[in-house]
Amino acid sequence: MAQVIVVTSGKGGVGKTTSSAAIATGLAQRGKKTVVIDFDVGLRNLDLIMGVERRVVFDIVNVIQGEAKLQQALVKDKRVDGLAILPASQTRDKDALTREGVATIIEELSKDFDYILCDSPAGIEKGALLALYFADQAIVVTNPEVSSVRDSDRILGVLQSKSKRAEEKKEPVKQHLLLTRYDPARVERGEMLKLDDVLEILAIPLLGVIPESESVLKASNSGNPVIMDSDSTAGQAYSDAVGRFLGDDRPHRFLEAPKKPGLFGRLFGGGRAA
């Protein structure tokens, strides 16, 4: 049976869709058959970030309303085996999504995939509630700023009370924290919350810290999930997060600002050994 993972946050603009694309790609790279569903009906950005926008013919609403078969709407990634995308509709309203329709889709996908990632819209409107309702695990994405962390704390409460697992009094949704756009230099200057502060407020296990990186924007604009850029710090951090999700023991990196060379180092080439 597939594991259903919701990638969620309380606040928009924190990197949920970037994270969904990177994590789904990383799982598939590790040999896990993975499908990622875009629940952001009316906006639809996942297909752009994954570089498949020109191949989208049908979407999740077409499937729910019986206008297309699920297999017609799934877009298979050409770069990574075992990875597929179910896009959102750009022209319909979020009310076109129904719990029964989503349940049927997840049940069908569970036959063919190991992981079903649900890329949630921000907040707690209908699309977001449907994205998290069927979750077995949740990756809560937040930035190191007070409003983002506060809104993520609210989402944790929703996960604990409005998921299918909560309704059926099963084991609670397993929660993971993904801290994005982390800039250690700004943390040192007091412009961002410290990692320890975020962990104290949210009190859920840390999956990964993604450093602020220009490579994220470049990857999004080129339609390549940033995890495929193995030279970038963000790509490496997402790869580490996927490894931890699958049980690897990996240290957290990119938490400290690079040390500036002192006067001696500047004079003699950064203190390099001869």
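Its relative contact order, with pairs defined as Cα atoms under 8 Å and 6+ residues apart, puts the chain at 23 percent.
In order along the range 158-172, phi translates into HN-Hα couplings of 5, 4, 6, 10, 10, 7, 4, 4, 5, 4, 8, 6, 8, 3, x Hz, rounded to whole numbers, per the Karplus curve 6.51 cos²θ - 1.76 cosθ + 1.60 with θ = phi - 60° and x for Gly and Pro. Using a simple spin-label model with pseudo-atoms 7 Å out from Cα toward Cβ, E107 and M1 lie 1.3 nm apart.
Each DSSP beta bridge with both residues in the range 1-149 is either parallel or antiparallel, and the antiparallel ones are about 10%. In order along the range 187-196, phi translates into HN-Hα couplings of 4, 4, 7, x, 8, 9, 5, 6, 3, 4 Hz, rounded to whole numbers, per the Karplus curve 6.51 cos²θ - 1.76 cosθ + 1.60 with θ = phi - 60° and x for Gly and Pro.
Can you tell me, using C-alpha contacts under 8 Å and at least 6 residues apart, the relative contact order of the range 1-136 as a whole percent? Don't skip to the answer; put the middle values down first.
Numbers: 273 pairs, mean separation 57.2, N = 136.
Dividing the mean separation by the residue count of the range 1-136 yields 42 percent.
The residues neighbouring P172, those whose beta-carbon lies less than 13 Å from its own, together hold a net charge of +2 under the Lys/Arg +1, Asp/Glu -1 convention. Between the amide H of L117 and those of I5, V35, V36, I37, distances stay under 5 Å, these residues lying 5 or more places away or on another chain, with hydrogens modeled in the peptide plane.
Summing +1 for each Lys or Arg and -1 for each Asp or Glu, what net charge is found among the other residues whose Cβ lies under 12 Å from the Cβ of V6? Charge balance near V6 sits at +3. Charged neighbours of Q71, selected by a Cβ distance under 12 Å, balance to +1 (K, R count +1; D, E count -1).
Rounded to a whole number, what % of the accessible area of the chain do carbon and sulfur atoms account for, probe 1.4 Å?
In the chain, the share of accessible area belonging to carbon and sulfur is 48 percent.
Remark: the chain carries 49 Å² of accessible area per residue (probe radius 1.4 Å; ligands, DNA and RNA excluded).
Here the chain carries DSSP beta bridges of which approximately 5% are antiparallel, counting only pairs with both residues inside. When the chain is treated as a Gaussian network with alpha carbon springs shorter than 10 Å, the biggest mean-square fluctuation among L179, L199, L207 belongs to L199.
The values are calculated or read from the model by the stated rules, or taken from the named source; none is laboratory data. No experiment lies behind these values; they were computed from the predicted model shown. No Cβ is skipped: glycine too gets one built from the backbone with ideal geometry, and neighbour counts run over all protein chains shown. With ligands, DNA and RNA removed, areas are computed over all heavy atoms of the protein, side chains included. Shrake-Rupley method; radii C 1.70, N 1.55, O 1.52, S 1.80 Å.
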